[in-house]
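Participant: Below are the C-alpha cells for one structure; questions will follow.
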Amino acid sequence: MKSENQKKLSNKTLRLTETAILIAIAVVLSELTVIKFPFGGNVTVFSQVPIIILAYRYGTPWGLLSGVVMGIFQMMFGLNNFSYVTGIVSYIILVFSDYLIAFGVLGLGGVFKNKINSQPIALACGGILASVLRFACHFISGVTIWKGYAPSNTIGAIVKYSIGYNSSYMIPELIVTVIGVLALGKIFDFTSQNITVNRKKKAE
C-alpha cells in the first residue's frame, strides 16, 4: 500500500498535471474564435470552461491562480494592445483589468460546488458568475483607457459604449460557457479524484 507521503505526492502530481493540461486547452481554445472584434474581445470555443472546471475540482484559490496564469498567456498574445495606450496608469489598468483580474475571476467558477447539489447547475451558476465578473473588469477598462473610442466624451456615452461593446462578446461567451459546463457536468464526475464518467444509478 502507498504511504501517506506517496499519496500526497501522487495527488499533487495529478493536480499539477491536470492544471497544466487544462490551462493549455483553455489557451488553445481562446485562439479558436467564433467572432473576433476589432478592438479586442472575442467569442471563443469554450475557452473559459477549463478554468471553471479547475476551480470546481480544486477550490477557489487554485482556480484564481489558474485564471491568472491564463491571463498572463492572453496578455502575451495581446501585447500589441499596449501600443494603443500611453502612461503608466493606463498600462496598469490594461494589465489587471483586461488580463490578470479579468481571467483570474474565472477561478470563482467553482464557488457553488458545496452550495448546489446538482453538479451541472453548480458549474453553470459558476460560469455565469465568472463571466459577469469578467465583463465588469472589461467594463472598467472600457470607461478608463478605451474611452477614446466612444462616440463622444460625455460620461453617458462612454458608459453606454463600454457596456455595449463588452456585452457584445461577453454575453455570447457567457452562453457558450454555460452550455459547455452544463454538458460536461452531466457527462463527467468532477468531484472524484480522477475525472470519471457519470453513471446513472440503476433503479432498485
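Since every read-out is calculated from the coordinates, none of them should be taken as a lab result. Because the structure is predicted, anything quoted here is derived from the model rather than measured. Using ideal geometry, Cβ is built from the backbone for each residue, glycine included, and neighbour counts are taken over all protein chains shown.
Participant: Please rank 21, 51, 101, fewest neighbouring Cβ atoms within 10 Å first, as an exposure proxy.
Facilitator: Values: 21 12, 51 32, 101 20.
Taking fewest neighbouring Cβ atoms as first place, the list is 21, 101, 51.
Participant: Quick one: Kirkwood hydrodynamic radius for region 1-127, alpha-carbon pairs, angstrom, one decimal?
Facilitator: Values: mean 1/r = 0.0633 Å⁻¹.
Kirkwood hydrodynamic radius for region 1-127: 15.8 Å.
Participant: Oh, and also: Suppose every K and R has +1 on its Cβ and every D and E has -1 on its Cβ; what is the size of the dipole of region 1-98 about the Cα centre, in Debye to the nearest 20? Write down the numbers at each step before the final one.
Facilitator: Numbers: 7 positive and 4 negative charges, 92 e Å.
For this selection, approximately 440 debye.
Participant: Work out how much length residue 39 to residue 187 would gain on full extension: take 0.36 nm times their residue separation and subtract the Cα-Cα distance, in nm to one decimal.
Facilitator: Fully extending the segment from residue 39 to residue 187 adds 49.6 nm.
Participant: Provide 76, 70, 170 in ascending order of the number of other Cβ atoms located within 10 Å of each residue's Cβ, fewest first. Mind dumping the intermediate values first?
Facilitator: Details: 76 10, 70 28, 170 21.
Ordered by Cβ neighbours within 10 Å, fewest first: 76, 170, 70.
Participant: Of 136, 101, 194, which is farthest on the positive side of the dipole of the chain, counting Cα position, with +1 on Lys and Arg Cβ, -1 on Asp and Glu Cβ, and the Cα centre as origin?
Facilitator: 194
Participant: Please list, in chain and number order, the residues 5+ apart from residue 189 or on another chain whose amide H is under 5 Å from its amide H, with Hs placed from the backbone.
Facilitator: Sorted by chain and number, the residues that satisfy this are 196, 197, 198.
Participant: If each residue's Cβ is checked for other Cβ atoms within 10 Å, how do 65, 94 rank with the fewest at the top? Don't skip to the end; give the middle numbers.
Facilitator: Values: 65 16, 94 22.
Ascending number of Cβ neighbours within 10 Å: 65, 94.
Participant: Among rounded, prolate and oblate, which fits region 40-83 when a ≥ b ≥ c are the square roots of the eigenvalues of its C-alpha gyration tensor, a/c under 1.5 means rounded, and a/b larger than b/c means prolate?
Facilitator: Values: a/c = 4.05, a/b = 1.78, b/c = 2.27.
Verdict is oblate for region 40-83.
Participant: Can I ask one more? Which longest run of the chain has no exposed loop site in it, a site being trypsin sites (Lys or Arg not before Pro) in a DSSP loop with at most 15 other beta carbons within 10 Å, and the site itself not part of the run?
Facilitator: Numbers: sites that count: 2, 115, 199, 200, 201, 202.
Longest gap between qualifying sites, sites excluded: 3-114.
Participant: Cross-link partners among aspartates and glutamates for residue 7, C-alpha distance below 20 Å, same-chain residues fewer than 8 apart left out?
Facilitator: List returned: 18.
Participant: Measure out, as a whole number of angstrom, how far apart the alpha-carbon centroids of region 47-63 and region 159-189 sit.
Facilitator: Taking the Cα centre of each part, region 47-63 and region 159-189 sit 15 Å apart.
Participant: Please list 81-90, 23-32 highest first by mean number of surrounding beta-carbon atoms within 10 Å per residue. Write down the numbers at each step before the final one.
Facilitator: On the way: 81-90: 12.0, 23-32: 16.6.
Going from most to least packed, we get 23-32, 81-90.
Participant: Okay, moving on. Using Cα pairs under 8 angstrom and six or more residues apart, how large is the relative contact order of region 10-191, in percent?
Facilitator: Details: 278 pairs, mean separation 42.3, N = 182.
Here the relative contact order equals 23 percent.
Participant: To the nearest 0.05, how large is the calculated FRET efficiency for residue 65 and residue 149 if R₀ is 25 Å and r is the Cβ-Cβ distance? Walk me through the numbers before you get to the answer.
Facilitator: Working: r = 32 Å, r/R0 = 1.29.
Taking R0 as 25 Å, the efficiency between residue 65 and residue 149 is 0.20.
Participant: Under a cut-off of 15 Å between alpha-carbon atoms, report the aspartates and glutamates in cross-link reach of residue 113, not counting same-chain residues fewer than 8 places apart.
Facilitator: 189
Participant: Ok, one more. Run the dipole for the chain about the Cα centre, Lys and Arg Cβ at +1, Asp and Glu Cβ at -1, nothing else charged, and hand back the magnitude in debye, nearest 20. Let's see the in-between values first.
Facilitator: Details: 17 positive and 7 negative charges, 145 e Å.
Dipole about the Cα centre, nearest 20: 700 debye.
Participant: Hey, what number do you get for the chain at 222 nm if only DSSP H runs of n ≥ 4 count, each worth -39500 (n - 2.57), divided across all residues, to the nearest 500? Each step should come with its number before you reach the end.
Facilitator: Details: 7 runs with 126 residues, N = 204.
After summing the helix terms and dividing by the residues of the chain, the value is -21000 deg cm²/dmol.
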